[in-house]
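Worksheet for the structure shown next.
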Amino acid sequence: MSLNPLFCTKTPVLNAGKPEDKRREILDYFHKTFDIDEQLFEAFSDHSAMYLKADPLRHPLIFYYGHTATFYINKLIVSKILNTRIDPKFESTFAIGVDEMSWDDLNSSHYDWPSVQEVLEYRNKVRATIDHLIRTIPLIMPIGWDNPFWIILMAIEHERIHLETSSVLIRQVSLKYLKPISTWNICSESDESPENSLIPVNAQLVKLGKSFQDPIYGWDNEYGLHQESVSSFKASKYLCSNGEFLQFVESGGYQNQKFWTDEGWKWKVYKEAEHPLFWINENNGWKLRLVFNEIPMPWNWPVEVNYLEAKAFCNWKTEQTGLPIRLQSEDEWSVLYQQANIPDQPFWEVAPGNINMEHFQSPCPVDKFKFGEFYDLVGNIWQWTETPITGFEGFKIHHVYDDFSAPTFDTKHNLIKGGSWISTGNEATANARYAFRRHFYQHSGFRYVESANEIAIPQLNYETDPEVVRHCEAQYSTDLLGVKNYYGEIAKIAKQYAGTHKKSVLDLGCRTGRTSFELAKDFEQVTGLDFTARNIRVAVQLQENGNFNYLFPEEGELKSYNELNINDLGFANIVNKVTFLQSDASNMKTIFVGYDLVLLNDILDQMYNPRHFLKGVHKRINPGGILIVATGFDWSEACTKRENWVGGHREGGEQIWGDDDLASLLSPTFRQIDGPIQLPSVTRINRRKYSYNTIEVTIWEKRENNEGMKE
């Protein structure tokens, strides 16, 4: 067993202990998390490999080295615990792009990656900043969602997630660039695979979901309530081993389309896959690629595959045995876990399985860690399930990380359960619910079950997220109370003042996309940016699938079913002219430049630093280009610190109004050519209730000679 203290840390208990003791515990947890993350990147003997894409659908490793550090600063800025950025460029460059979402910017030409040394120096500054915060900000027990220390723990647990995901990418880097990590204990036990068997499991009522008073940090999707009566089934004694999976490979399973789902076969053909990714077929036999080395194939270790391969194996196994074989569901995994009475992290003395890096820093034999009649109910590798992730009843989004879970509620991300050898912190807890696209590789394999019980897989989702639903209704509704739709009308104004300069436009605050689509009717290229991925995915789904469905609250529990259809909306011919991306308007990447028109689309008073944006917006616009500012100047310290308001306050006893303050910020680089125009905006709240607002619109032309002017 490893005695390295980095590999034995546990996520803190947040409702017990004296504040100063808890402060020291969190400080220790933070530094060990930072240390182990940096230790992982010591595997690179040649840093040039950190700029190569190990996976073409992911960023190069240098992104992940910077991302975990910038996450601390970005979330602390959003939550107003920090007021000052360390490096705005780094904190935009390394902010977004880890899950292959359509709004992630993975275009390599958009990035000028800094050196490893520069990122290390930045990381050191972040470490010092967070160290100081942990030591000095007030700590009140217990630590809940609204506690500043919750945000710090959010960043720590986020970094521990990337310890796992980055190690998977390093595992795909050529060995010529890598070296062993001296402190890692790679399991040396290897043998033939044990014969697997199916063991009966009794029916059971499963109750899942955490209370908001739970003493352990959790991600939003863990909270709420789910209960299900699970019928009896049989489950494999062991995880599927390399040796057991070899039978599928040698029988031609990768060549026979009938075993694969349509999605799986498309992936198989695209990847030209003939065997699991981490298997290496050489003349002298099979080998297994680990994070930074290769070893002769340990046939009794668990096979590591994506969901699509695991599903194909189950279909093959069904044909071989005549039994209804499939992957387990989340509920079935929970039955096995609950019946075994397994101690949960952080309450165990020693990890009950190959998890938390306490035993090995690699997988190990599938017959090593026993839990009653079964093995590896937790640890060794993650276990794919048949269950697409969604929220439990009572699901709530944490406002500081509102796109952690909700964008994955699309039936395209399946849950993995149980944790792996490198799962630490929150990942090593029983309530952990992580999900990945079905073609993704993690340190994941599977346990199979025999069951004729159907698993309900939603095919048609109706969005219920209150914020997303509100924006769908506001943006795509027809005229309300005799008032024309604001999002269509602001697009008309933009087209009018753009004149002949209609090549490229930036819709900043695009939300669910209506104005961006309207602009694409006249502009050649439209970029729609929004801070919230949950909103953007509506527009992206309209682009990709042609429709989006949502439930709107009409009266009490009564809701209406609504469908947005790209053809009915009249956007079918222009959807490809729009690119939707996630971005922080207060700290945008430098790539967002060269626009003929920038529309600040009613988000000025929702930005945490609008003054900074306005002082630098001229850099985004071509000479002679147009800036349109549409805002209600509805200032609130919940969104924007008072010192960053544009108007709405007093200075020296004098009233500072928004339009005057806006003019003082823009006049050095723009001249006002029209406005203010008062544009009404009506939003439906329910069947009988509406919200009426007036948006003030001003139009500005960029001066031709403003280069080099002081900001």
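Tabulated results
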{"quantity": "Residues within region 435-459 that are more than 22 Å from LYS266 (Cα to Cα) and either basic (Lys, Arg) or out of contact with any helix residue (DSSP H, G or I) (no Cβ under 7 Å at 6 or more places or on another chain) (or both), tallied", "calculated": "8"}
{"quantity": "Residue check, TRP279 modelled with pLDDT of 95 or more, under 19 Å from TYR448 (Cα atoms) and surrounded by 15 or more Cβ atoms within 10 Å (Cβ to Cβ)", "calculated": "no"}
{"quantity": "Residue match in region 484-496 (condition: part of a loop (DSSP other than H, G, I, E, B) and in contact with a Phe, Trp or Tyr (Cβ under 9 Å, 6 or more places away or on another chain))", "calculated": "yes"}
{"quantity": "Elements of type strands (runs of 3 or more DSSP E) in region 359-465, at least 2 residues being modelled with pLDDT of 90 or more and polar (S, T, N, Q)", "calculated": "382-388"}
{"quantity": "When residues of region 497-518 are limited to those that are assigned to a helix (DSSP H, G or I) and either over 31 Å from the mean Cα position of the chain (by Cα) or free of Cβ contacts under 8 Å to residues at least 60 places away in the same chain (or both), the one surrounded by the most Cβ atoms within 10 Å (Cβ to Cβ)", "calculated": "ARG514"}
{"quantity": "Lone qualifier among ASP568, ASP584 - being without any contact (Cβ under 8 Å) to a residue 12 or more places away in the chain, among the charged types (D, E, K, R) and under 24 Å from LEU519 (Cα atoms)", "calculated": "ASP568"}
{"quantity": "Top-ranked residue in region 360-395 [being closer than 19 Å to GLU192 by Cα and without any contact (Cβ under 8 Å) to a residue 60 or more places away in the chain; ranked as surrounded by the most Cβ atoms within 10 Å (Cβ to Cβ)]", "calculated": "PHE369"}
{"quantity": "Meets criteria (in contact with a strand residue (DSSP E or B) (Cβ under 9 Å, 6 or more places away or on another chain), at negative phi and either surrounded by fewer than 16 Cβ atoms within 10 Å (Cβ to Cβ) or part of a strand (DSSP E or B) (or both)) for LEU529", "calculated": "yes"}
{"quantity": "One residue from PHE580, PHE571, PHE592 being closer than 20 Å to ASP403 by Cβ, modelled with pLDDT of 90 or more and assigned to a loop (DSSP other than H, G, I, E, B)", "calculated": "PHE592"}
{"quantity": "So LYS641, is it in the same structural domain as GLY675 (by TED's automatic domain parsing), out of contact with any Asp or Glu (no Cβ under 9 Å at 6 or more places or on another chain) and touching a residue at least 40 places away in the same chain (Cβ under 8 Å)", "calculated": "yes"}
{"quantity": "Subset tally (residues that are outside any helix (DSSP H, G or I), more than 10 Å from VAL449 (Cβ to Cβ) and polar (S, T, N, Q)) for region 317-347", "calculated": "2"}
{"quantity": "Of the criteria (1) touching a Phe, Trp or Tyr at 6+ places or on another chain (Cβ under 8 Å); (2) at positive phi, which one ALA312 fails", "calculated": "(2)"}
{"quantity": "Verdict on GLU189 being in contact with a helix residue (DSSP H, G or I) (Cβ under 9 Å, 6 or more places away or on another chain), acidic (Asp, Glu) and under 22 Å from PRO302 (Cα atoms)", "calculated": "no"}
{"quantity": "Residue list for region 398-409, restricted to those being surrounded by fewer than 22 Cβ atoms within 10 Å (Cβ to Cβ) and touching a strand residue (DSSP E or B) at 6+ places or on another chain (Cβ under 8 Å)", "calculated": "ASP403"}
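The values are calculated or read from the model by the stated rules, or taken from the named source; none is laboratory data. This structure is a prediction, so every number in the text was calculated from the model and none was measured. Don't worry about glycine lacking a Cβ; one is built from the backbone with ideal geometry, like all the others, and counts go over all protein chains shown.
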